[in-house]
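To start, the structure itself, in structure tokens.
The values are calculated or read from the model by the stated rules, or taken from the named source; none is laboratory data. Source: prediction; values computed, not measured. Positions of Cβ are generated from backbone atoms using ideal geometry, with glycine treated the same way; all protein chains shown enter the neighbour counts. For the accessible areas, the whole protein counts, side chains as well, though only heavy atoms, and no ligand, DNA or RNA atoms are used. Shrake-Rupley method; radii C 1.70, N 1.55, O 1.52, S 1.80 Å.
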Amino acid sequence: MENNEHERFSPIKSLLGLLSFSTIIPVKQYTSIEYMTRLVWCWPLIHLVVGILAAVCGIVCADVLHLNPFFTAALIYAFLMLITGYNHLDGVMDMADGVMVHGDPQRKISVMKDSSVGAGGVATLFLVAILTIAGLYNVLDYECIAAIIICEMVSKSSILTTALLSTPSDQGIGCYFIYSTNILNYILSTVIVAVIAYLVGNLVGVIGLAGAIVAGALIAFIAKRNFVIANGDVLGMSNEVGRLMALLFMSVALFFL
């Protein structure tokens, strides 16, 4: 996505660019990364649609194919990974490798950017994946299909939280998302997502959003402590952990509410 100095900003092209960037849905709409990230605060709304598709997948698996909740949860997770093109899984592994290695921030950043994957990265990806599947299983056990929609939508709120609280690196696509996130568009995005989460899942949905925000802040803190800066790998980790934490918070809320 090279910047075209003659290109005029278009909100529709920006939104479709975000959709094309973060999913495999064949919209075939391209725009410069600078223009695409101008509407980064709308990212959770785009993944509201992805969450709805995942919920439909869950309904088909459970009510049409009569699969058990664990198998349904695993297939929902597989669907989310496929439709998002495994977009953030490398970020989980790369950031985990960087955090695990000993040394100064430059040493950790070099390991994070290294194309090879260490045991820490593989193990962290496995843990995040299996815990996410367990979280999906748990909300399905409560027959809360809305939680599937919410966890995918608020995973992007986790990214925005990390972006807001982080210092961007001087290169890579991730820095554009971080530069484009400010307190005003973050608050606007969070309020809109909170309203949608409440309409879809009542108080449980809002608690899911709170879990994603906590995850985003936690990942930003870990990144700042280990790398000083944040890049696309850090944002990728935030997405996956945000989805997981949203499911955790909603699972606890479903038990008590």
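Taking a probe of 1.4 Å, how large is the accessible area per residue of region 122-257, in Å²? List each step's numbers first, then the result.
Working: 5570 Å² over 136 residues.
For region 122-257, the per-residue accessible area is 41 Å².
Keeping all protein chains in the complex and leaving out DNA, RNA and ligands, what accessible area do you get for Val56 with a 1.4 Å probe, in Å² to the nearest 10?
80 Å²
Please give the calculated 222 nm ellipticity per residue for the chain, where each DSSP H segment of at least 4 residues contributes -39500 (n - 2.57) and the sum is spread over every residue; nearest 500 deg cm²/dmol?
Details: 11 runs with 188 residues, N = 257.
Mean residue ellipticity, 222 nm, calculated: -24500 deg cm²/dmol.
Per the 1.4 Å probe, what fraction of the accessible area of the chain, in percent, lies on carbon and sulfur atoms? Can you show the working numbers first?
Details: 8080 of 11890 Å².
Whole-percent figure for carbon plus sulfur exposure: 68.
Mind checking region 190-257 for chymotrypsin sites (Phe, Trp or Tyr not before Pro) that DSSP puts in a loop (not H, G, I, E or B) and that have at most 11 other Cβ atoms within 10 Å? Intermediate values should be presented prior to the final figure.
On the way: sites: Tyr198, Phe221, Phe227, Phe249, Phe255, Phe256; in loops: Phe227.
Of the chymotrypsin sites (Phe, Trp or Tyr not before Pro), not one in the loops of region 190-257 has a Cβ with at most 11 other Cβ atoms within 10 Å.
Just in region 52-86: which chymotrypsin sites (Phe, Trp or Tyr not before Pro) are loop by DSSP and have at most 16 other Cβ atoms within 10 Å? Mind dumping the intermediate values first?
Details: sites: Phe70, Phe71, Tyr77, Phe79, Tyr86; in loops: Tyr86.
For chymotrypsin sites (Phe, Trp or Tyr not before Pro) across region 52-86 that sit outside H, G, I, E and B with at most 16 neighbouring Cβ atoms in 10 Å, the list reads Tyr86.
Normalised by the residues of the chain, what does the relative contact order come to in percent, with Cα pairs under 8 Å and at least six apart? Each step should come with its number before you reach the end.
On the way: 432 pairs, mean separation 60.5, N = 257.
Result for the chain is 24 percent.
Where the eigenvalues come from the Cα gyration tensor of region 48-184, what are the semi-axes √(5λ) of the equivalent ellipsoid, largest first, in whole Å?
Value: 32, 19, 11 Å, ordered largest first.
Hey, what's region 1-106 come to in accessible area per residue, 1.4 Å probe, Å²? Write out the running numbers ahead of the final one.
Details: 5510 Å² over 106 residues.
On a per-residue basis, 52 Å².
Can you tell me the Rg and the Dmax, both Å, for the Cα atoms in the chain?
Reported Rg and Dmax, both Å: 17.7, 56.
With helices defined as uninterrupted DSSP H runs, which ones in the chain have an alpha carbon span along their own long axis of at least 15 Å and mean Kyte-Doolittle hydropathy of at least 1.0?
Numbers: long enough: 11-22 (17 Å, 1.18); 43-59 (24 Å, 2.18); 69-83 (21 Å, 2.17); 89-100 (17 Å, 0.70); 119-141 (33 Å, 1.73); 146-165 (29 Å, 1.61); 183-226 (38 Å, 1.83); 232-256 (36 Å, 1.26).
Helices passing the filter in the chain: 11-22, 43-59, 69-83, 119-141, 146-165, 183-226, 232-256.
What longest region of the chain stays clear of trypsin sites (Lys or Arg not before Pro) that DSSP places outside H, G, I, E and B and that have at most 12 other Cβ atoms within 10 Å?
Details: sites that count: Arg8, Lys28.
Segment 29-257 is the longest.
Is the shape of region 1-104 rounded, prolate or oblate, going by the alpha carbon gyration tensor and its root eigenvalues a ≥ b ≥ c, with a/c under 1.5 for rounded and a/b larger than b/c for prolate?
Numbers: a/c = 3.16, a/b = 1.31, b/c = 2.41.
Oblate, because a/c is 1.5 or more while a/b does not exceed b/c.
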